[in-house]
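The values are calculated or read from the model by the stated rules, or taken from the named source; none is laboratory data. Small disclaimer: the values here were computed from a predicted structure and weren't measured. Note: ideal-geometry Cβ built from the backbone for every residue, glycine included; neighbour counts use all protein chains shown.
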Amino acid sequence: MKFQQIDQFAAHLRPSTRAAVYDGSKKGHEKRTQVLFDHYPDPDRLRQLAGEIKQHVIENLDTYLPAIEAKLKANGVIVHWAATAEAANEAVLAIMRARNATRMVKAKTMVSEETELAHFLEKNGVECMETDLGEFIVQIDHDHPSHIVKPIIHKNRRDIATSFEKNGLGAYNDDPQTITRRARDFLRKKYLVADVALTGANFLVAESGRLVLVTNEGNSRFCLAATRCHIAMVGIEKILPRDRDLGLLLNLLGRSGTGQQLTVYTEFITGPRAPAQPDGPDEMHVILVDNGRTDVLASDCRDILRCIRCGACLNVCPVYRQASGHAYRSVYPGPVGAVLSPLLMGKDFPEKADLPKASSLCGACNEVCPVDIPIPDLLLRLREKGKREHSAAAAAGTPPMGAWSLLASQPTAWKAALLGGRIINYLPTKMLPIPALRAWEGKRSLPAWRGGEFRHWLKGRARSPGAPPPTSGGQSPRPS
Amino acid sequence: MSNDRETILTRVRDALAPLKERAPLPDWDTELAIMRRLVPAHEPWVLFCERLVAVNGLPLDSAAALAAWLREHQHLHGYCDPALWPRLAAHFGEGFTVETEYDRARVDDYQFGITAAAGAVAETGTLILDDRATTRRLAALTPWVHIAVLSRAAIFADLQQAVAAMGDDPNIIWCTGPSKTADVEGILIEGVHGPGIQIALLLG
C-alpha cells in the first residue's frame, strides 16, 4: 500500500533517533504541566487570555503594522518591509554591503530558516554563524532543526561528539559538559569578530516598540554585546499591543516551552545602545517579513498566526513523538507545523497537503497551547482544502472511494455487497481486497462481518408491530 | 522596499476586509499571572534569595562574603565597575587582581565581573540589568562568574511590577540564573555563552 509520506519517514527512523525524540518530548511535556499547575490556580484562563490578545492583534494587523513602524522609527530603528523570502534576504545583504561587513552571528530566528538566509549569505561571501548550541551543531552537520525549541532533539551525544571531531573541535569526547565548553570557546571568538548580529523576535510591542528576545544560553545577549549592528527579522504576526501583555505571555512562553518559570535571559530592546554604554549595536534594523503570512491571514486558518513558537504541541503530540521533526519536511514541525507549513506554501499548498492528516485529532495540542489555538479544527479545515484541491499528497494512503460511491447509490448493489461481504470472515488477512484494510488488519483484528442483520431485524419489526425485535444467534442486533 | 510595504499592507487589508467583526482587546487582571502562593510570603530580599537559589543562582549579602567565596573558588582575577570598587576593595585584600577597565581583547582573562543591577524580581529570582546601570554589557556576560550588585529598594515583589516599571532604557535584560542549555540529550549544562555562576550581592 502507498503510505503517507510522514509514515514512510517514520518507518525508516533509526531506533536511537526515535528514542531520543520520544524521551525528549515526553520530558518537556511533563515539566510543563507540573510547573504551570504548581504555580497558578487557573492556567487555562491564562491560555485563553493570551489567545484572545493575539487573536485581536492578527485581526487588527492593518492598524498595528503602521503603528509599530511609527514607534520603531521614533525609537531610532530603521524599518524595512519584505513581502517575500527573497526580499528579506536581499534586505539583509544590502545592510551588510552598506557596512562592508562580511561576518554575521545569528541567534534566535526561525524566520531566517524559512528564507534560508544562511545559505543565501554564504553564497554572497558572508560568514553566517549560528550561535545557539543546537543550531550550531545543526549547522556544522549540514542538517536541519527538528524541533522548535530543541533543534537537536533527534541527536544523541555520540552523534554530536563525532561531528565535533570531524569539524576540528577537539578529539572525540561525548561528555555534554565538554561539548558545551568547546562550543563556548569556539563561538566567543566568532561573536567578537562579527560586525552584525541577526536575530528574530519573540514579541514586538506596539505601545513601546520593545523587541523581546528570550534565550537560555545567552547567545542573543552575546550577539548584542559584541557587535555594532543589529538586524531583526520579524514575522508580521509577532506584535503584542501593550507592555503589560508581556507579563502574561512571558510567563506562558517559558513554562510551555521548557517548563521554566522564565527563560534565563529575557532581553527588551528599544533601539541602539545608550550613549554611555560602550558595548552593543549603534545601528538597529527591523525587517517586517510577510513570506506567506498574509495568505494565512486571508484563510479560515488565521488563528494559527497566534503561535508563539514554544513547542509545547510538539512535545505532547503522539505523531511527532513517533515520527520526529524531519518527517514534516518543513521549518515548523509537529501540530503547529501541520497547519502552518502547508499554508505558508501559498499556491504550492498541495505539496504539503498530507501534513494535516498526520494527526489522530486527539486534541492534546489544543489543550497545551499557551495561546489556545484550536489546532484540530484547523487540521480538519485543511484536510478539506486538500481534498478540494485534489492533492495527490493528501490522498496518499486513503482507500479509493469510487467503489463505495457506486454501492451507496445503487440499493441492489448495496444489498448484494452486504451479503457478499461475509466472505471477509473467511479470507486470510493478506488476501483482503483493499490495501488500507490489509494494513489495518495487519495490526488489529476486525470484528466479524454481520452485513445485512440490521435490515433483517428492521423488516421483522415492521411486519409485527409491538412484538419484541427478533434476535439472531443470541446476540443483540447491530446496525449493518 | 517601500513597494513591499504597500504590498503587505494591501494584502493585510484585503485579508481582513471580509471579517464582519474583529476580536476585541481583552483587559486582564495582572493578579492572575502572579504566583500568589509565594508573593508576598516574605520580605522581598528573603523571597528573592529563595527563588534565586531555585534557579541555581547564589545570593550573598556582604562584600566580605563575596571576597571569601571568590577566594575559596580561586577566582582571583576579575573586572569591577569603577563606581562600585571603592565600596568593595577593602574586603578583597591580597592575591586578587581586579581591573576597573574591561578590555574586550582579553575576554578570557576575567574570571569574574562585578557590575550594578538596575533591580531584581523576587517572585522569579531575576536580576534586572540595563544599559544605564551596567558599565559594560560584555563584563556582565563573558566572565565565568557574574556578580550583580543590588540594593534592597530596587527589588520588585513580582514580575508584573517589574514589567510596569520598565522605563525608556534602550536595553533591559532580565537574568534568571546562570546561562544554561539542555540541548544535548536534555542534560542541564550551565555556562554556555554567559556566566556559569550567577551571584547577586546585596549592598545597601
Quiz item: Taking the stated definitions as given, is B:Leu47 within 16 Å of B:Ala120 (Cα to Cα) and out of contact with any Lys or Arg (no Cβ under 8 Å at 6 or more places or on another chain)?
Solution: yes
Item to complete: Evaluate the stretch A:138-150: report whether one residue or more is crowded, with 23+ Cβ neighbours inside 10 Å and at the interface with chain B (Cβ under 8 Å from one of its Cβ atoms).
Response: yes
Scanning the stretch A:390-401 for residues that are in contact (Cβ under 8 Å) with a residue 40 or more places away in the chain and farther than 18 Å from A:Arg329 by Cβ gives A:His390
Per the filter on the stretch B:146-204, residues under 30 Å from A:Tyr22 (Cβ atoms), assigned to a strand (DSSP E or B) and among the hydrophobic types (A, V, I, L, M, F, W, C) are B:Ile189
**Asked** Out of all the residues in the stretch A:32-49, is one or more touching a Ser or Thr at 6+ places or on another chain (Cβ under 9 Å), at pLDDT 90 or above, surrounded by fewer than 18 Cβ atoms within 10 Å (Cβ to Cβ) and among the charged types (D, E, K, R)?
**Response** no
(Q) Among the residues that make up the stretch A:22-29, is at least one of them free of Cβ contacts under 8 Å to residues at least 12 places away in the same chain, among the acidic types (Asp, Glu) and part of a helix (DSSP H, G or I)? (A) yes
Inside the stretch A:70-83, the number of residues satisfying the requirement of being facing chain B (nearest Cβ under 8 Å) and either modelled with pLDDT under 95 or closer than 29 Å to A:Cys301 by Cα (or both) is 4
Turns out the helices (runs of 4 or more DSSP H) fully within the stretch B:1-117 with at least 3 residues that are over 24 Å from B:Arg137 (Cα atoms) are B:2-16, B:44-54, B:63-72
Within the stretch B:183-196, the residues that are surrounded by 19 or more Cβ atoms within 10 Å (Cβ to Cβ), under 25 Å from B:Ile147 (Cβ atoms) and of a type in the set (A, V, I, L, M) are B:Ile189, B:Val192
Counting only residues that are closer than 23 Å to A:Ile58 by Cα and outside any helix (DSSP H, G or I), the stretch A:364-391 contains a total of 6
By residue number, the members of the stretch A:244-269 that are closer than 17 Å to A:Pro43 by Cβ and either facing another protein chain (nearest Cβ under 7 Å) or of a type in the set (Lys, Arg) (or both) are A:Gly247, A:Leu248, A:Asn251, A:Arg255, A:Gln261, A:Leu262
Taking A:Ala298, is it hydrophobic (A, V, I, L, M, F, W, C), over 23 Å from A:Glu116 (Cβ atoms) and either assigned by TED's automatic domain parsing to the domain that holds A:Lys155 or touching a residue at least 40 places away in the same chain (Cβ under 8 Å) (or both)?
-> no
- Determine, yes or no, whether B:Ala164 is among the small types (Gly, Ala, Ser), closer than 25 Å to A:Leu246 by Cα and more than 10 Å from chain A (Cβ to nearest Cβ). no
Of the residues in the stretch B:108-130 that are within 9 Å of chain A (Cβ to nearest Cβ) and under 12 Å from the mean Cα position of the chain (by Cα), the one that is nearest to A:Gln277 (Cα to Cα) is B:Asp130
Just one listed residue, out of A:Ala183, A:Ala171, is surrounded by 24 or more Cβ atoms within 10 Å (Cβ to Cβ) and either in contact with an Asp or Glu (Cβ under 9 Å, 6 or more places away or on another chain) or within 10 Å of chain B (Cβ to nearest Cβ) (or both), and it is A:Ala183
Only one of A:Pro272, A:Pro278, A:Pro241 is out of contact with any strand residue (DSSP E or B) (no Cβ under 9 Å at 6 or more places or on another chain), within 8 Å of another protein chain (Cβ to nearest Cβ), modelled with pLDDT of 95 or more and surrounded by fewer than 24 Cβ atoms within 10 Å (Cβ to Cβ), namely A:Pro278
Margin query: Whether any residue in the stretch A:124-133 is away from every other protein chain (no Cβ under 12 Å), in contact with an Asp or Glu (Cβ under 9 Å, 6 or more places away or on another chain) and within 26 Å of A:Leu224 (Cα to Cα) is what I want to check.
Written below: yes
Here the qualifying pairs (Cβ atoms under 6 Å; residues six or more apart or on different chains; first in the stretch B:7-34 and at the interface with chain A (Cβ under 7 Å from one of its Cβ atoms); second assigned to a loop (DSSP other than H, G, I, E, B) and surrounded by 15 or more Cβ atoms within 10 Å (Cβ to Cβ)) come out as B:Thr7/A:Ala83; B:Ile8/A:Ala83; B:Ile8/A:Asp290; B:Arg22/A:Glu59; B:Arg22/A:Asn60; B:Ala23/A:Glu59; B:Leu25/A:Pro241
